[in-house]
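Below: the structure, in structure tokens.
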Amino acid sequence: TRELCLQISSVASKVASHLPDASIRVGSAVGGSDFQRQRDALLSSRPQLLVATPGRLLALCGRVPASTAARQVASGAPAPPAQPASVALDAVSLLVLDEADRLLDLGFEADLDAIVQMVPPSAQKFLFSATWVPSVQALTGRLLDERAIHLSVGSEQLALSADVALRFEVLRGK
């Protein structure tokens with residue numbers, strides 16, 4: 001999820017730079033990187049679009065992510081203290097949760113619940129998932145309201161289509 005977060009942030013920054021008024025500021029925040037440096041960068045740039053991993057977003061909001069606390073407890077270490085909040089989600093108008101199935105597999109369910117609770121009920125929420133497994137269906141039922149639209153491309157079964165062929169080629173040189 002860190003790599004995807006950084007890719008999305010990079011593409012969003014490139015797109016924003018081509019807008020007529022170039023007024024959209026993009027920021028990113030991912031776990032495994034220096035917290036203080038990311039926090040300072042966000043405070044100085046004040047992005048309108050923030051691409052973040054769930055645990056780091058909660059940490060920036062002044063909360064100890066459940067995923068972090070669980071890892072600490074499992075290792076026998078005490079849970080880390082919460083940092084002062086430097087990000088608020090009370091003005092979010094659009095929340096996108098991408099790779100929902102992977103986020104659940106990685107143990108971010110409680111973190112996703114906490115993030116959605118911090119976003120205004122009026123915010124639009126998008127949830128994307130490569131699979132429509134029961135855990136993603138349950139997450140959708142909890143996080144999205146009854147007006148949610150379910151759009152499925154292809155079969156909702158986990159089997160690959162027989163019409164899809166994968167081919168890899170190794171290209172050498174330029």
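At-a-glance table
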{"item": "Accessible area of the chain belonging to carbon and sulfur atoms, whole % at 1.4 Å probe", "result": "56 percent"}
{"item": "GNM flexibility winner over the chain from VAL136, VAL96, VAL15 (Cα, springs under 10 Å)", "result": "VAL15"}
{"item": "Tensor-based shape of the range 32-143 (alpha-carbon gyration tensor, a/c under 1.5 rounded, otherwise prolate or oblate)", "result": "oblate"}
{"item": "Net length gained if the chain between VAL64 and ASP40 were fully extended (0.36 nm per residue, minus Cα distance)", "result": "6.8 nm"}
{"item": "Of ASP21, ASP98, ASP163, the one that fluctuates the most in a GNM where the chain has Cα springs shorter than 10 Å", "result": "ASP163"}
{"item": "Where chymotrypsin sites (Phe, Trp or Tyr not before Pro) in DSSP loops with at most 12 other Cβ within 10 Å are excluded, longest remaining stretch of the chain", "result": "1-127"}
{"item": "Accessible surface of HIS18 - all protein chains present, 1.4 Å probe, nearest 10 Å²", "result": "150 Å²"}
{"item": "Solvent-accessible area per residue, Å², over the chain with all protein chains present [probe radius 1.4 Å]", "result": "69 Å²"}
{"item": "Highest-MSF residue in the chain out of GLY55, GLY141, GLY32 [GNM, Cα springs under 10 Å]", "result": "GLY32"}
{"item": "Efficiency of FRET between ARG71 and LEU6 - r from beta-carbon atoms, R0 25 angstrom, step 0.05", "result": "0.70"}
{"item": "Under Karplus coefficients 6.51, -1.76 and 1.60, residue-wise ³J(HN,Hα) of the range 85-90 in Hz, glycine/proline x", "result": "5, 10, 10, 10, 9, 6"}
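The values are calculated or read from the model by the stated rules, or taken from the named source; none is laboratory data. Keep in mind the model is a prediction, meaning the values are calculated, not measured. Note that each Cβ is placed from the backbone with ideal geometry, even for glycine, and that neighbours are counted across all protein chains shown. Accessible surface areas use protein heavy atoms only, side chains included; no ligands, DNA or RNA. Shrake-Rupley method; radii C 1.70, N 1.55, O 1.52, S 1.80 Å.
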